[in-house]
Every structure is written in structure tokens, then in C-alpha cells.
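*Asks:* This is the structure, below, for whatever I ask next.
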Amino acid sequence: MDNIISAQGLAKSFGSLKAVDDLTLYVRKGEIYGFLGPNGAGKTTTIRMLTTMDPPDSGSVAIDGFDTRKDFIEARRRIGVIQQHHSLDKDLTVKENIYHHALMQNIPFKECKSRVEEIIPLMELQERMNTKAEKLSGGWKKRVAIVCSLIHRPEILFMDEPTTGLDTQSRNALWKLIRSINRTGTTVFLTTHYIFEAESLCDRVGIINKGKLIVEGTPQELRSRIGDYALVVTDPAGEESVSYHSDLPAARKAAQEAPGDCVISIRPSNLEDVFLELTGRKIRCSTSRPRCSGSPTAICVI
Amino acid sequence: MFNFPSEVFRVSYGDLCYMKHNLVQTLVSTLVGPLLYLLAFGYGMKAGDTEYIAYVIPGIVAISSMNSGFSSSSQKIVIQRLFHSSFDELVLCPMHTSSVIFGKCMLGIIRGLAGGIIILGLGMILTPDLFVDYRFILALLMSSVMFSLLGVSAGLLANSTPTLSLFNSIIILPMSFMCGTLFDVSSLPEIVSYIVWALPLSHTTSVLRDAASGSAVDPVSVIMIIVYAAIFYAICYIVIRKKLY
Ligand SMILES: Nc1ncnc2c1ncn2[C@@H]1O[C@H](COP(=O)(O)OP(=O)(O)O)[C@@H](O)[C@H]1O
Ligand SMILES: [Mg+2]
């Protein structure tokens, strides 16, 4: 399998804070890789190191085999980046921003016009080409940023929290776009703190917490690690405890043993469970027997 | 070998568009300062003294090229770095670092050249003792490039707009007055004259004045300008490559 991104032992500190700590990851050619983690986990710091924007304190990154320190120009040719915060030049119009990007990517002067004309209908930007970037709303800025990042047909598209702050409709549209970009062979590396996004959009997911990559795999593999089914037992006081089971019969069997005054539900496990289980943040999940006593009052399988 | 002029143009395209949008403002802000100097020192102080006007105009041209070169490059970079985060885009483009540096200098160089030529043009109407030849244009170009490089390094290093203003008030402003631009510094105490001699504006003023009056240009000053430009370039290069901004 071809690794188009390989990062080894990346570390970056801000003062005494280890924002990213000994992070090693590989992204395969053609996949959508989701980098999932809560706010402050180190996603942006990682993406900035992968994309040559910031140098790591230690470790190395290779993009399509090119070391980002030594061959940064070759590495940069292959990547497109959409940053978490918009980085358009606010004093320029949409058209000027796009042309500036095309020029900075060393697209031959003669080709710039046709490239721009080819890509803008995709984002329905025709009407807004002469609007100043600062006058656009967030959603439109995102569209311009997408056009700018794709104009040189990069092999890898990096997106830092692309759907944060978007409404459901725009988010669905963006997912569709990401899938279609990916179908043309572009590898996508995106960060997110939405569980659902990682599960439904990404081929493989890496979960990052406090600067460390804690687990990596397809969403299904990650769920299988803790158990495909979650048994949630809620006692009369509203206290929840969760246990994980490899299949439905096992979960049902465990449910039988739960105390009678508890509300019981069985549902497929998700990446949130994986995160909670592996980090111990928020609630501590027990994989052994639930705490309360008696026999179950309700079982619902979602 | 890569195509350096093409890359410089590609990097500066955004700034050139910006200048196009703000042509009138850019021109007015480039010229107001030097015109006031001309009015105050050329007319107010020594009305009718064409010899002094011939002396002071190259000094004003030097100040103007320093201010234009320095302020356009530094302000634009500080804003792009700190407020628009669009400087990251520049860092992300597959360009050579030298192209990025000179691309960011372009606005300052153009403003410095345009301002300098307009002021000298006015001066030539006022006194017959000034003239323009290739040496003057070359000197003006060197001065604008050198101060634009200073502007780029200051823009890369400043962590806030007040820091940049501070740099402006403690380095740029004193230089404007102290470097033999408006009066002969030989009357100052000896120790001061050493400091003045070490400042870059003294040398651009000397070269511009010699060129405009048709006398021989001091090679030491030319070398000093080149050395300063090389130092400022090196600062930009190191800061960008090591991502120290
Ligand atoms: N430039 C910086 N200076 C100081 N601390 C920073 C800087 N950038 C990020 N951090 C800190 O590093 C940690 C990781 O940040 P970040 O990578 O932005 O997280 P995420 O993108 O996952 O939300 C956070 O605790 C953040 O406060
Ligand atoms: Mg972030």
C-alpha cells in the first residue's frame, strides 16, 4: 500500500505545553483520512506541520516521498490546504484571490484563465467574482477557499475542520463535494471534532487526544476494538453505565443480568464510545457488569 | 534555474491588485510627506536659495524612498500575518524563498521609485542644478530595494502593530532628520557623526545627491547600501525558512 503522507515522531511544544507529542501516522493514497479529536487536542498543530506551514520540533514528514524540510517546494506542489480560519486576502475581490492562488501555484500564465473558468461553476461563484472577499459570508468564503485550494489540482487536500460552523444543508453539500473530489483520486486529510462526520465520511480515522494519536483504523475496526454493541444501563438516579459487547446475543445476555429498576438500551457502539473508552474522559465506561441490582425493566435495540 | 522574475510577479500579484484598488490613496500618501518637506525646508526656511533647494531635494527623495519602501512592505505583511492569516498562503505556495521576499518588496519598490522620480521632477522645475540620469535611477532603485527589504524583515518580526509603530518612531523617523538629508551633519558633535555614518539612509542620501548633482558617486556608500541590503535580505530569509515569525 502506498503511503502518500508519512509522518514520523512529530512533536511540537508551545512553552511547556506539548501540543503534539511523538505522533506517527500514515495516510494511504486515495483515501479520506479523518483526524478526530476534541478542541485543543492538537489537530491544527498537526495539520500545520504536515503542510509545511510550521516546522516540527522533532520528527519528519514526507509528502508523496518528498521530505517537507528538504524538498518543501515539491511537497507544496502536491498539496492544497483549507485552513480552519479563512485565509483569503480581504482587500481583494474573489476573482483576484483565485487568480493570485493560481499564480502562486506556478500555473502557466496562459492556463490560469481556463482553470479558473473551469472550476468556478463547481462552486457557483460566477455571480460573486467581483465581490470583495471581506464582504462574503462564512459559507461563501469557504467556497472561495475550496476553489483556491483545488486550482492547482493537488494530490492531497488538507481540510482543517471544514464543516465546523456550517448549517446542516451546507455540511451535506460539502460532504458530497469531498466525496466527489476523492473519487477523482485526490487523497483527503480532514480534521473534525464531529464523531458522525468521521464515521460516515472517512475511510480511516485516527483519534487524537492531548497531542497523542491514541488509535487508528477504519471506523468499523475501531468500534470492534471495544465491541460492536453498547449496553447502556441507567439507574433510577439517572446514573448511566455503559458496557461493550462483541455481538448482540452477548449484549442481551449482559442486559438480563442488569438490575430490575434500571432502564436498559442496546445500541451499536460509535466512535464517541471508542474515544471515551480509550481516554477515560467524560464518563468512565465499565466493561464488566453494570452497577445496579434487580432485573431489567426495558430493553431497546436501536 | 527557476524563473525568478516570473515568481516575483506571481507573489506580488495580490499586492499589485491592492495598489490598483487604492491608486489615489497610495499616490497621495506617498507624496504628501515629501511635498511638506519641500515646502518647509525648500521654501519656508531658505526661500529663493536655489543652491539649498538643489541640496535638499535629493535628501527628500532619499527620505521618501525610505518611507515608501519601509512602510508599504512592513504594514502589509504585519496585517497579512496577524489579522488575515493570508501570509500562510504565501508560505504554502511552491515558491523559492527569494521570490517570496522580493515579491513582498515589489509594492515598496514601485512606490519608492514613483515617489522619488516625481519629487525630483518637481525639483528640476525649481532649480537648474539637478538632473536625472541612469545613475540616479539606479541609486533610487537601490535605496528602495534596501528599505523594502528592511520593511519586509520588520513586518516579519513585529508581533503587533504598536511594535511596528515603535520601530518607525525610534529608527525610521530619527534617520529621516539625522542622516544628512536636510542639513549638513558635519556641524554635529564628532561622536554623533560616527553613528550617523553607520546608518543606511546616510549612504542612500549621499549616493542620490552625488548622482543628482552630476558629481562622482562615493563607492564606499554604494558598498554600504549593498551590505545593508544583504543583511536585511538574510534576516528575511532566515526568518521565513526557520518560520521564526
Ligand atoms: N501558537 C500557539 N501558541 C501557544 N499555544 C498554542 C498555539 N497553537 C496552539 N496552541 C495550543 O496547543 C494546543 C493544541 O492546539 P490545536 O492544535 O489548535 O488544537 P485543535 O486544532 O485540535 O483544536 C492547544 O492547547 C492550544 O492552546
Ligand atoms: Mg483546530
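No lab work stands behind these numbers, since they all come straight from the coordinates. Computed from a predicted structure; not experimentally measured. Positions of Cβ are backbone-derived with ideal geometry, glycine not excepted, and every protein chain shown enters the neighbour counts.
*Asks:* With charges only on Cβ, +1 for K and R and -1 for D and E, what is the dipole size of the protein assembly as shown about its Cα centre, in debye, rounded to 20? Don't skip to the answer; put the middle values down first.
*Replies:* On the way: 52 positive and 50 negative charges, 135 e Å.
Roughly 660 debye for the protein assembly as shown.
*Asks:* Still on this structure, I have one more. Where does each of B:Met66, B:Met95 land when they are ranked from fewest to most other beta-carbon atoms within 10 angstrom? Could the numbers behind the result be given before it?
*Replies:* Numbers: B:Met66 28, B:Met95 22.
Final ranking by Cβ density, sparse to dense: B:Met95, B:Met66.
*Asks:* How crowded by other chains is B:18-24, given as the mean number of beta carbons from other chains within 10 Å of each beta carbon? Let's see the in-between values first.
*Replies:* Details: counts 4, 0, 2, 5, 1, 0, 0.
The mean count of partner-chain Cβ atoms within 10 Å per residue comes to 2.
*Asks:* Here's something else I'd like to know. Any chance you could tell me what percent of the C-alpha pair distances in the range A:197-248 go past 18 Å? Before the final figure, lay out each step's value.
*Replies:* Values: 660 of 1326 pairs.
I get 50 percent for the Cα pairs in the range A:197-248 exceeding 18 Å.
*Asks:* Sorting B:Phe183, A:Phe189 on the 10 Å Cβ count, fewest up front, what's the list? Write down the numbers at each step before the final one.
*Replies:* Working: B:Phe183 16, A:Phe189 26.
Starting with the residue having the fewest Cβ neighbours, the order is B:Phe183, A:Phe189.
*Asks:* Give the percent of DSSP beta bridges with both residues in the range A:3-220 that are antiparallel, rounded to the nearest 5.
*Replies:* Taking every DSSP beta bridge within the range A:3-220, about 55 percent pair in antiparallel fashion.
*Asks:* Considering the zone a paramagnetic label at A:Ser60 would reach in this model (a point 7 Å from Cα along the Cα-to-Cβ line), which residues of the range A:1-41 have amide N under 18 Å from it?
*Replies:* A:3-12, A:22-27
*Asks:* Oh, and also: Taking 45 Å as R0, compute the FRET efficiency from the Cβ-Cβ separation of A:Ala173 and B:Tyr237 and round it to 0.05. Write down the numbers at each step before the final one.
*Replies:* Details: r = 43 Å, r/R0 = 0.95.
So the FRET efficiency works out to roughly 0.60.
*Asks:* Still on this structure, please answer the following. Would you work out the relative contact order for the range A:3-220, in percent, from Cα pairs under 8 angstrom that are 6 or more residues apart?
*Replies:* On the way: 403 pairs, mean separation 67.0, N = 218.
With pairs under 8 Å counted, the relative contact order is 31 percent.
*Asks:* So between A:Glu124 and A:Ser180, what do we pick up on full extension, going 0.36 nm a residue minus the alpha carbon distance?
*Replies:* Values: separation 56, 0.36 × 56 = 20.16 nm, distance 1.60 nm.
Going from the current span to full extension adds 18.6 nm.
*Asks:* Checking the table A:Lys29/A:Lys176; A:Lys142/A:Lys176; A:Lys113/A:Lys176; B:Lys104/B:Lys242; A:Lys70/B:Lys242; A:Lys29/A:Lys110 against a 23 Å threshold on Cα-Cα, which pairs fail?
*Replies:* Working: A:Lys29/A:Lys176 20 Å; A:Lys142/A:Lys176 15 Å; A:Lys113/A:Lys176 26 Å; B:Lys104/B:Lys242 18 Å; A:Lys70/B:Lys242 12 Å; A:Lys29/A:Lys110 30 Å.
Distance filter (> 23 Å) returns A:Lys113/A:Lys176; A:Lys29/A:Lys110.
*Asks:* Separate question: Given a Förster distance of 22 Å, report the FRET efficiency between A:Glu134 and A:Tyr194 from their Cβ-Cβ distance, rounded to the nearest 0.05.
*Replies:* Numbers: r = 28 Å, r/R0 = 1.28.
Once the sixth-power term is evaluated, E becomes 0.20.
*Asks:* Counting other beta carbons within 10 Å of each Cβ, put A:Thr279, A:Thr46 in order, fewest first. Present the calculation step by step, with values, prior to reporting the outcome.
*Replies:* On the way: A:Thr279 17, A:Thr46 29.
The order, fewest Cβ neighbours first, is A:Thr279, A:Thr46.
*Asks:* Under a Cβ-only charge scheme (Lys and Arg +1, Asp and Glu -1), can you give me the dipole magnitude of chain A about the Cα centre, in debye to the nearest 20? Please report the intermediate quantities before stating the final value.
*Replies:* Details: 40 positive and 38 negative charges, 99 e Å.
Charge dipole of chain A: 480 debye, to the nearest 20.
*Asks:* What FRET efficiency, computed as 1/(1 + (r/R0)^6) with R0 = 35 Å and r the Cβ-Cβ distance, is obtained for B:Asn159 and B:Phe2, rounded to the nearest 0.05? Before the final figure, lay out the partial values.
*Replies:* Values: r = 32 Å, r/R0 = 0.91.
That pair, B:Asn159 with B:Phe2, gives E of 0.65.
*Asks:* Also, I was wondering about something else. Taking just the C-alpha trace of the protein assembly as shown, give me its Rg and Dmax in Å.
*Replies:* Looking at the protein assembly as shown, its Cα Rg and Dmax stand at 30.9, 109 Å.
*Asks:* Distance in nm between label sites at A:Ser114 and B:Ala40, each 7 Å beyond Cα in the beta-carbon direction?
*Replies:* 5.8
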